[in-house]
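Quick notes on the structure that follows.
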Amino acid sequence: MTQQNNARAGIALMIAATIVFALQDGISRHLAGTYNTYMVVMIRYWFFAAFVIALAGRAPGGLKAASQTSQLGLQVFRGILLAAEICVAVFAFTVLGLIDSMAVFICYPLLVAALSGPVLGESVGWRRWTAIGVGCIGVLIILQPGKGVFNPWAVLPLMSALMFAVYGLLTRYAARKDSSATSFFWTGIAGSVTMTLVGMWFWEPMAQADWAWMALLCISGVSGHWLLIKCYEMSEASTVQPFAYFHLVWTAILGISVFGEALRPEVVLGAALVVSAGLFTLWRERRQG
């Protein structure tokens with residue numbers, strides 16, 4: 001395939017991944033609204049761990065090659081951090097809804113840019129700092145901290161975005177010594193062990209119909225990761241990353257049509273500022289790269 005065809009295929013795979021992840025968010029909200037969040041995330045991680053083990057087993061060198069790392073502590077911490085972030089995000093879906101949660105969460109690329117200096121020692125120029133400031137204004141518009149109707153739970157998606165940003169930076173730091181296959185392996189294993197130790201204390205009987213939803217949640221999670229892997233194999237991250245914002249569009253459609261959520265004007269305005277700032281940041285990174 002030509003480079004142009006690869007780029008088109010990568011974009012198509014990224015859009016497909018955002019659709020799958022939006023469905024995953026909706027199913028997570030449904031299940032976590034009925035059952036304990038820790039249990040839902042734990043079962044999801046069991047399936048995820050089985051997926052990474054199967055993937056590593058089929059790769060050259062097998063499980064031994066995938067698990068070999070000189071920075072085990074860092075890899076384990078990454079896995080624990082992502083598991084905790086997913087718990088916070090899923091709980092936010094249940095108390096705030098999909099639209100408001102995702103509108104705030106999409107600021108994470110800006111947090112990555114802001115933290116890349118102190119964490120990775122990368123240079124962040126005034127243009128990107130300006131974009132980060134614009135994104136922060138967008139988040140404040142969404143959260144409305146000065147209004148009497150401010151919901152204190154609104155800090156949850158912001159916390160989730162910060163945790164995911166730190167996870168992304170640690171992944172980039174780990175990539176200096178470990179392959180993506182190794183990082184992916186330890187993400188699944190460390191997260192699964194952590195969630196089992198936590199979630200087993202919150203086990204609840206699940207209705208037979210909801211087990212079908214749980215199976216679909218597990219399949220969607222694995223499918224989404226598989227689509228992302230293929231996406232980054234086909235095209236450069238800088239080419240496909242802007243299309244990751246389609247996740248917000250699908251989530252909004254799902255929140256309105258299935259869960260009866262309202263799309264507030266301030267959420268639209270704030271999200272537009274956050275997305276614009278994020279796209280500018282990606283453009284600057286690509287140009288400098």
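The values are calculated or read from the model by the stated rules, or taken from the named source; none is laboratory data. Since the structure is predicted, the reported quantities are computational estimates derived from the model, not experimental observations. Counting neighbours? That spans all protein chains shown, and the Cβs are built from the backbone with ideal geometry, glycine included. Each accessible area value is taken on the protein alone, full model and side chains, heavy atoms only, with ligands, DNA and RNA left out. Shrake-Rupley method; radii C 1.70, N 1.55, O 1.52, S 1.80 Å.
Summary table
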read-out: Positive-pole candidate from 246, 205, 186, dipole of region 159-258, charges at beta carbon; value: 186
read-out: MRE, 222 nm, helices only [DSSP H, n ≥ 4, -39500 (n - 2.57), over the chain, to nearest 500]; value: -26500 deg cm²/dmol
read-out: The chain, relative contact order [Cα under 8 Å, separation at least 6], %; value: 43 percent
read-out: FRET efficiency for residue 172 and residue 46, using Cβ-Cβ distance with R0 set to 25 Å, rounded to 0.05; value: 0.35
read-out: Cα-centre dipole for the chain with unit charges at Cβ (Lys and Arg positive, Asp and Glu negative), debye to 20; value: 700 debye
read-out: Protein accessible area in region 203-257, 1.4 Å probe - carbon and sulfur %; value: 72 percent
read-out: Cα centroid separation - region 213-260 against region 24-101, whole Å; value: 15 Å
read-out: Theoretical FRET efficiency, 1/(1+(r/R0)^6), r = Cβ-Cβ of residue 200 and residue 226, R0 22 Å, to 0.05; value: 0.20
read-out: Sum of side-chain charges, residue 77 neighbourhood, beta-carbon under 15 Å (Lys, Arg +1; Asp, Glu -1); value: +1
read-out: Expected-Rg normalisation [2.2 N^0.38 Å, Cα atoms] applied to the chain; value: 0.99
read-out: Extension reserve of the residue 155-residue 179 stretch, reckoned as 0.36 nm per residue once the Cα distance is removed; value: 5.3 nm
read-out: Cα-Cα pairs of region 140-261 separated by more than 19 Å (percent); value: 70 percent
read-out: Using a Förster distance of 30 Å, the FRET efficiency for residue 233-residue 268 (Cβ separation, nearest 0.05); value: 0.30
read-out: For the chain, accessible area per residue (1.4 Å probe, heavy atoms of protein chains only), Å²; value: 48 Å²
